[in-house]
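Accompanying notes for the structure given below.
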Amino acid sequence: MKKTIKAAVAASVTGVLALTGCSVAGGSSDSGETVTVNAFSVMEAANEPVFDDFEGTADGADVTFQTSYGASGDQSRAVVAGADADVVHYSLETDVTRLVGEGLVAEDWKDNATNGIATSSVVVFVVRKGNPDGIETWDDIVEPGVEIITPNPGSSGSARWNILAAWAHITGNGGSEEEARAFTTSLLNNTIALPGSGREATTAFTDGSGDVLLSYENEAILAKQNGADIDYVVPPDTLLIENPATVTVDADETAQAFLEFMTSPEAQADYAQSGFRPVVDGVEIEDVEGANDPADPFPTPQTLFTIDDTFNGWGEAADLYFGDGEEDNPLGIITELQQTTGQVGEE
């Protein structure tokens, strides 16, 4: 069956193994045009049907895609260092604003209908099949003895979404910063591994470590599609994950056309099959394999926090929570708590 999905942003109540490297996909005409896509790793499988559908449009005829995938921050820094990119698609807004600061992306890149966002998800709890520990809420995961895996906020974009979702559980529900620090400290004390990336964290969990994994909903759905013997829980309150995309200043009109296609209902339906929540309204979605309810794959949480409403955007949140303490960058709140608890994780 098909289900028409509204954009994840509108739903807010309160406000395959990916490989690093390059590959070529799409049309093979020597006279065609090449669009270079530089993206965070989880987009590798998700982009393939989107490329195929774009090639079926007038703008996409005879287009070949050159792709590079990897950790979001690493991809962004590679573009600064000279890697080719027409379209960039990252986990965090700060990985795009790095390019703005280098003059590689226009300052007005967010001036469009989706505010620069191409894909979205929410933070979820990945649990053992059947959820034997009965983990349903944030409070459940800080109970004594619960073993948590989450990637390292010092190196992973997905980890930053995860840890801010935990923080928002306190402050977004009326708690103080002191209470949020205490809750986050309990979460870190229960954490048995902080792998360097979200994909490494998923691998650690599916290999048998831990009771609960903090992750993206789309990552959990992808893991189930790939045969992982897991379940996942969308907690009553969680954080909306928003992944930005834009073109570089030297990109031509074909790259711009592809960027616009990425947020079309057709492309968003493709992304939904990989577990991403649509960022535009009116998207018709077939059953999503791997979702808790394939016919209703993206349930609306009771409370859905956003980075803008709860944390005043990444422009403020990045340094406030994740500053590394070097040079003129003060030590961030989460960075400090990691050091205090000894949970500095893997790079």
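The values are calculated or read from the model by the stated rules, or taken from the named source; none is laboratory data. Just so it is clear, the structure is predicted and the values come from calculations on it, not from any experiment. Neighbour counts run over all protein chains shown; Cβ positions are idealised from the backbone, glycine included.
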Total residues in region 192-211, condition buried (at least 24 other Cβ atoms within 10 Å of the Cβ), within 25 Å of PHE298 (Cβ to Cβ) and not polar (S, T, N, Q):
3
Hey, any hits in region 195-218 for a residue that's over 19 Å from GLN338 (Cα atoms), at pLDDT below 95, assigned by TED's automatic domain parsing to the domain that holds ASP324 and aromatic (Phe, Trp, Tyr)?
yes
So the check is Cβ under 6 Å with 6+ separation or different chains; which pairs have a first residue in region 196-213 that's farther than 21 Å from ASP140 by Cβ and a second one that's surrounded by fewer than 19 Cβ atoms within 10 Å (Cβ to Cβ)?
GLY196/GLU346; GLY196/GLU347
Scan region 260-275 and give yes if some residue there is crowded, with 16+ Cβ neighbours inside 10 Å, part of a loop (DSSP other than H, G, I, E, B) and either in contact with a helix residue (DSSP H, G or I) (Cβ under 6 Å, 6 or more places away or on another chain) or among the basic types (Lys, Arg) (or both), otherwise no.
yes
Among the residues of region 36-53, are any part of a loop (DSSP other than H, G, I, E, B), surrounded by fewer than 21 Cβ atoms within 10 Å (Cβ to Cβ) and either in contact with a His (Cβ under 7 Å, 6 or more places away or on another chain) or at pLDDT 95 or above (or both)?
no
Return the residues of region 220-254 that are buried (at least 22 other Cβ atoms within 10 Å of the Cβ) and assigned to a helix (DSSP H, G or I); say none if nothing qualifies.
ALA220, ILE221, LEU222, ALA223
Looking at (1) out of contact with any strand residue (DSSP E or B) (no Cβ under 7 Å at 6 or more places or on another chain); (2) surrounded by fewer than 24 Cβ atoms within 10 Å (Cβ to Cβ); (3) not basic (Lys, Arg), which one does PRO151 not meet, given that it meets all the others?
(2)
Considering only region 195-209, I want to know if a residue exists there that is in contact with a helix residue (DSSP H, G or I) (Cβ under 6 Å, 6 or more places away or on another chain) and farther than 15 Å from PHE125 by Cα.
yes
When region 290-338 is examined, which residues are found to be acidic (Asp, Glu) and not assigned by TED's automatic domain parsing to the domain that holds ASN218?
ASP293, ASP296
